[in-house]
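Read the structure below first, then the notes.
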Amino acid sequence: MTDVNDKVVSDGVQIFPNPSSGTFYLTISEQMPDGVVRIYNNQGSELRTIPFTGSEKNMTIDMDGFTEGIYFVRIEIPQGSVVKKLILK
């Protein structure tokens, strides 16, 4: 079951392009407070932690140097979190 707060977070976040060739964009809705973006590989190892403020609506995240494959982008705010899948090609 999905928590209502997790749905709010999920609806407020977009990742594009996906698949990506190295750089992707994270768009965060206006309702988001300060939070953190965590990037994990398909083994579950955390590779990067990127804090953001509620005033940041668009983030550019550079994944150059990472190998092709599937990654997971976790967006965390006090009200909940959401995980999005990112494919690097």
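No value in this document is a laboratory result; all are computed from the given coordinates. If you're wondering where the values come from, they're calculated on a predicted model, not measured in any experiment. Here the Cβ positions follow ideal geometry from the backbone for every residue, glycine too, while neighbour counts run over all protein chains shown.
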**OP:** For Thr49, put the label point 7 Å out on the Cα→Cβ axis and report which residues of the stretch 64-81 keep their amide N under 13 Å from it.
**Re:** 76
**OP:** Would you please state which residues of the stretch 38-76 a label at Val83 would reach in this model, taking the label point 7 Å out along Cα→Cβ and a backbone N cut-off of under 14 Å?
**Re:** 38-47, 70-76
Original post:
Around Met63, which amide H atoms from residues at least 5 apart in sequence, or from another chain, sit under 5 Å from its own amide H, with H modelled in the peptide plane?
Top reply: Thr23, Phe24
Subject >> Helix-only [θ]222 nm of the chain, DSSP H runs n ≥ 4, -39500 (n - 2.57) each, per residue, nearest 500 >> reply: -2500 deg cm²/dmol
**OP:** Exposed loop GluC sites (Glu not before Pro) only (DSSP loop, at most 12 other Cβ atoms within 10 Å): please give the longest stretch of the chain free of them, not including the sites.
**Re:** 31-67
Subject >> Table column - 3J(HN,Hα) (Hz), the stretch 17-22, Karplus curve with 6.51, -1.76, 1.60, x for Gly and Pro >> reply: x, 8, x, 10, 9, x
Original post:
Using the Karplus equation 6.51 cos²θ - 1.76 cosθ + 1.60 (θ = phi - 60°), what ³J(HN,Hα) coupling, rounded to whole Hz, does each residue of the stretch 54-64 give in order, writing x for Gly and Pro?
Top reply: x, 7, 7, 9, 10, 10, 9, 10, 8, 10, 4
